[in-house]
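Asks: Would you mind keeping the following structure in view while I ask a few things?
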Ligand code: SF4
Ligand code: SF4
């Protein structure tokens, strides 16, 4: 009986065509992206391929692409929805394939034979095989996926009920793909039920529904339903590589490449394609964005930036309107390097190398070398923003004096801007020139430690400078060491402080504890509602060239309100820029950590 099965019928055409287009486009994209990887990335792939990283990548694919562990952590309802689609559909394919083998043995079955198994084998005896009631299992899996479809529909209508203030706007490709996706599984249920109704097979769900439909079921209706199912699959597969659903096929290679050490850089490169097309446009990056929730700015958040870059319609406005606070990056379930991508887009849109632009800086270092000073051990780099905050400078001077530290003041003797503002604006070549000049000066000076009060400088010193033998510290880390070494002491008080994590210090450099430890020595520390990795941006980031002053003011006021709600008497931060920005948004006194430490300096016994 099974030898008569041909697995061909007119209704399989949309499915076969859709699948062919899908695989042709994906193959084209993969070949293009992989063959254009730069040589250094290819070397990383070669080194990583036969290492433990490959096993870890495979496990990550299972936990993230099928189980969606990260989405579960952020929002369990969304986690369920994504898992039901991904895991449910994958299991329908795998169990369906096993079912085919169980009934037909090892004979060749074309792809459509597995997909439309129920209708092609409707005349077979459908009892359990190998002790497994496959029809019941497949029905339960179909129900599982359908519950995800229902949740997805509900999310479109009432996103707030699923914990999302905003959902993403759909592109044409997304609309076509999503529309067909919503039909696929309901059509499958109807088609299988009609086949059950006509031929007497089916599991507990399709069988029961089939019995209900039996009075109206006709072969024509059955055929129409299978055509509908096949058409929905075909349309979805054609739209898939041009829509958000391309992430399904891109996240897997992205995970492997990332595990092998490939990363986005300051210049665009082929690897970026994997990151960009792995974005599922889930929209989880929307709600954390203060530009949206406090300043009302739409269509510039990471999901839209990535979308526009993918479809080659990125504008400077979208690329520039972002504080690079990193709040969205910590939420992204795909782990995309959103700041790096935004940076290298800015570079591609703007970089204008001008090699004579920093001649003044070269002059300063030449003059400095001519002075021929003896080597120093500790250098202090205030940075542009601290130079505009003289109270922080004075406080640092008091702290150095109290500790008996003989400090070389980089900004007084030739130091120029750290270069990060230029880098953030996309002028990477000019930034590199700045960095080279500063690095030469630090090295020539013989420093062993470089202290800075500015988290922006700290991040660039740590990530972009080559400073052999020089340890770079934020002033919070340095002050903590002075206290631990008994070189300064602090008097405890009764003040109630709240602490603001600057983006570049917290999410940027992972420094959360040293400032808190110091604050606790001087008074009571009260945490704001969103803190540490979730901390709010002050709103005045130097990365946000595209923001107008009203938007900045609205964000500053919203941040100020959050600190006022803690019941603290004052706000402490550890960044000169944050200090100014927060002070504009609250009536509470705002001080840099160094200033508070200066007030609490005690005589060392
Ligand atoms: S960037 Fe990340 S969080 Fe935002 S839509 Fe894409 S995958 Fe989701
Ligand atoms: S980095 Fe910050 S400002 Fe930029 S899109 Fe993400 S959350 Fe918004």
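Laboratory data are not the source of any read-out in this text; all were calculated from the coordinates shown. Since the model is a prediction, treat every value here as computed from it, not as a measurement. Methodologically, a virtual Cβ is constructed for each residue, glycine included, from the backbone with ideal geometry; neighbour enumeration extends over all protein chains shown.
Asks: For a quick check: sort 329, 413 by the number of other beta carbons within 10 angstrom, fewest at the front. Provide the component values of the computation, followed by the final result.
Replies: Numbers: 329 20, 413 17.
Sorted ascending by nearby Cβ count, the order is 413, 329.
Asks: Helix 204-213 sits at what angle to the longest principal axis of the chain, using alpha carbons and giving 0 to 90 degrees rounded to 10?
Replies: 50
Asks: Hey, what did the chain get for relative contact order, percent, Cα under 8 Å, at least 6 apart? Write down the numbers at each step before the final one.
Replies: On the way: 952 pairs, mean separation 73.9, N = 605.
After rounding, I find 12 percent.
Asks: Here's a follow-up. Looking only at Cα atoms, what is the convex hull volume of segment 493-574 per residue, in Å³?
Replies: Numbers: hull volume 6.7 nm³, N = 82.
Per-residue hull volume (Cα only) is 82 Å³.
Asks: On to the next question. At q = 0.08 Å⁻¹, work out log10 I(q)/I(0) for the chain with the Debye formula, treating every Cα as an identical point scatterer and leaving solvent out; two decimals please.
Replies: Values, matching the q order: -0.69.
Asks: Debye sum, Cα scatterers, segment 1-131, no solvent: what log₁₀ I/I(0) at q = 0.20 1/Å?
Replies: -1.17
Asks: Just need the relative contact order of segment 483-602 here, percent rounded to a whole number, with Cα pairs under 8 Å and 6+ apart. Don't skip to the answer; put the middle values down first.
Replies: Values: 192 pairs, mean separation 39.0, N = 120.
Relative contact order for segment 483-602 comes out at 32 percent.
Asks: Determine, for each peptide in 55-65, 178-188, the mean count of other beta carbons within 10 angstrom over its residues, then list the peptides with the highest first. Before the final figure, lay out each step's value.
Replies: Numbers: 55-65: 15.3, 178-188: 19.5.
The packing order, highest mean first, is 178-188, 55-65.
Asks: May I pose another question? Quick one: if you stick a label point 7 Å off each Cα along the C-beta vector at residue 62 and residue 443, how many nm between them?
Replies: 4.7
Asks: For an R0 of 45 angstrom, estimate the FRET efficiency from the Cβ-Cβ distance between residue 160 and residue 491 and round to the nearest 0.05. Intermediate values should be presented prior to the final figure.
Replies: Values: r = 49 Å, r/R0 = 1.09.
Efficiency for this residue pair is about 0.35.
Asks: Angle, helix 219-239 long axis vs. longest principal axis of the chain, Cα atoms, 0 to 90°, nearest 10?
Replies: Orientation of helix 219-239: about 20 degrees from the principal axis.
Asks: Using the Cα atoms of segment 94-188 to build a convex hull, what is its mean projected area in square nanometres? Walk me through the intermediate numbers first.
Replies: Details: hull surface 32.3 nm².
Mean shadow area of the hull around the Cα atoms is 8.1 nm².
Asks: Taking 1 over the mean of 1/r across every pair of different Cα atoms in segment 2-248, what Kirkwood radius in Å do you get?
Replies: On the way: mean 1/r = 0.0499 Å⁻¹.
Taking every pair of different Cα atoms in segment 2-248, averaging 1/r and inverting gives 20.1 Å.
Asks: Using the basic label-point model (7 angstrom from Cα toward the beta carbon), what is the residue 169 to residue 21 distance in nanometres?
Replies: 2.5
Asks: Could you work out the equivalent-ellipsoid semi-axes for segment 209-298, taking the square root of 5 times each eigenvalue of the Cα gyration tensor, largest first, in whole Å? Each step should come with its number before you reach the end.
Replies: Values: eigenvalues 354, 87, 26 Å².
The three semi-axes for segment 209-298 are 42, 21, 11 Å.
Asks: Where both partners of a DSSP beta bridge lie in the chain, what percent of those bridges are antiparallel, to the nearest 5?
Replies: Looking only at bridges with both residues in the chain, the antiparallel portion is about 10 percent.
Asks: Mind checking the angle between helix 39-49 and the chain's longest principal axis? C-alpha axes, 0 to 90 degrees, to the nearest 10.
Replies: Relative to the chain, helix 39-49 is tipped by roughly 60 degrees.
Asks: So how do 549, 423 line up by other beta-carbon neighbours within 10 Å, fewest first?
Replies: Numbers: 549 9, 423 25.
Fewest-to-most Cβ neighbours within 10 Å comes out as 549, 423.
Asks: Using helices alone, I'd like the mean residue ellipticity at 222 nm for the chain: each DSSP H run of four-plus residues gives -39500 (n - 2.57), total over residue count, nearest 500. Before the final figure, lay out the partial values.
Replies: Numbers: 29 runs with 342 residues, N = 605.
My calculation for the chain gives -17500 deg cm²/dmol from helical runs alone.
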